[in-house]
Amino acid sequence: QVQLVESGGGLVQAGGSLRLSCAASGRTFSSYTMGWFRQAPGKEREFVAAISWSTSTVSYRDSVKGRFTISRDNAKNTVYLQMNSLKPEDTAVYYCAASPLRIATIKADFGSWGQGTQVTVSS
C-alpha cells in the first residue's frame with residue numbers, strides 16, 4: 001500500500017488556475033496508476049483524471065477535458081493536477097488515489113487514498 005498526501009488547494013476566482021500535488025511514500029509508486037477524484041458537498045465522490053504508471057495512458061472526465069492536466073514524476077514520487085480555467089462547479093475536496101491496476105477510473109479500482117485538499121472557486 002502507498003501513503004498519499006495532497007497539497008496545493010485553495011481559493012481562486014473563476015478563470016484562475018491551481019496546481020495540486022500528491023506526494024506518495026513507498027518504493028513502488030512507479031508501479032501504480034494514480035488518480036484524482038473530487039467530492040462536492042452533498043454529492044458523490046467522482047472521478048476527475050487518472051494516469052498510468054508509464055504515463056502512456058491518461059483519462060479525464062468530460063467536464064474537465066481541455067482544462068485539467070494530470071502528470072506524474074516517478075523520480076519524485078509525485079502526481080500533479082494542473083487545473084486551468086476553473087469554474088465554480090469545480091469547487092470540491094480533491095483526493096489523490098492509487099491503484100495497482102493498469103487502467104483504473106472508478107473508486108473501486110483504487111485502494112489507497114489521501115486526506116483531500118479543498119479547492120474553492122468563486123464566481
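Determine whether the stretch 70-78 contains at least one residue that is within 23 Å of residue 120 (Cα to Cα), over 12 Å from the mean Cα position of the chain (by Cα) and of a type in the set (S, T, N, Q). Even if it seems obvious, please write down each step before you answer.
The initial filter retains those residues of the stretch 70-78 that are within 23 Å of residue 120 (Cα to Cα), namely 70-71, 78.
Next, from what is left, pick out any that are over 12 Å from the mean Cα position of the chain (by Cα): none.
Scanning the stretch 70-78, I find no residue that is within 23 Å of residue 120 (Cα to Cα), over 12 Å from the mean Cα position of the chain (by Cα) and of a type in the set (S, T, N, Q), so the answer is no.
If you check residue 79 against the conditions, is it surrounded by 15 or more Cβ atoms within 10 Å (Cβ to Cβ), in a strand (DSSP E or B) and in contact with a Pro (Cβ under 6 Å, 6 or more places away or on another chain)? So residue 79 does not fit the description; no. Does at least one position in the stretch 34-50 carry a residue that is open to solvent by 10 Å² or more (accessible area, probe 1.4 Å), without any contact (Cβ under 8 Å) to a residue 40 or more places away in the chain and part of a strand (DSSP E or B)? Yes, the stretch 34-50 has at least one match. When you look at residue 104, is it over 14 Å from residue 4 (Cα atoms), small (Gly, Ala, Ser) and assigned to a helix (DSSP H, G or I), yes or no? Criteria not met by residue 104. Only residues that are part of a strand (DSSP E or B), under 19 Å from residue 6 (Cα atoms) and open to solvent by 60 Å² or more (accessible area, probe 1.4 Å) were counted in the stretch 51-74, giving 1.
Is there a residue in the stretch 96-113 that is hydroxyl-bearing (Ser, Thr, Tyr) and open to solvent by 70 Å² or more (accessible area, probe 1.4 Å)? Give the derivation first.
Filtering the stretch 96-113 down to residues hydroxyl-bearing (Ser, Thr, Tyr) leaves 99, 105, 112.
Right, trim to open to solvent by 70 Å² or more (accessible area, probe 1.4 Å) and you get none.
Checked the stretch 96-113: no residue is hydroxyl-bearing (Ser, Thr, Tyr) and open to solvent by 70 Å² or more (accessible area, probe 1.4 Å).
The values are calculated or read from the model by the stated rules, or taken from the named source; none is laboratory data. Everything numeric in this text was worked out from a predicted model, so none of it was measured. Note that we place each Cβ from the backbone using ideal geometry, even for glycine, and neighbour counts take in every protein chain shown. Each accessible area value is taken on the protein alone, full model and side chains, heavy atoms only, with ligands, DNA and RNA left out. Shrake-Rupley method; radii C 1.70, N 1.55, O 1.52, S 1.80 Å.
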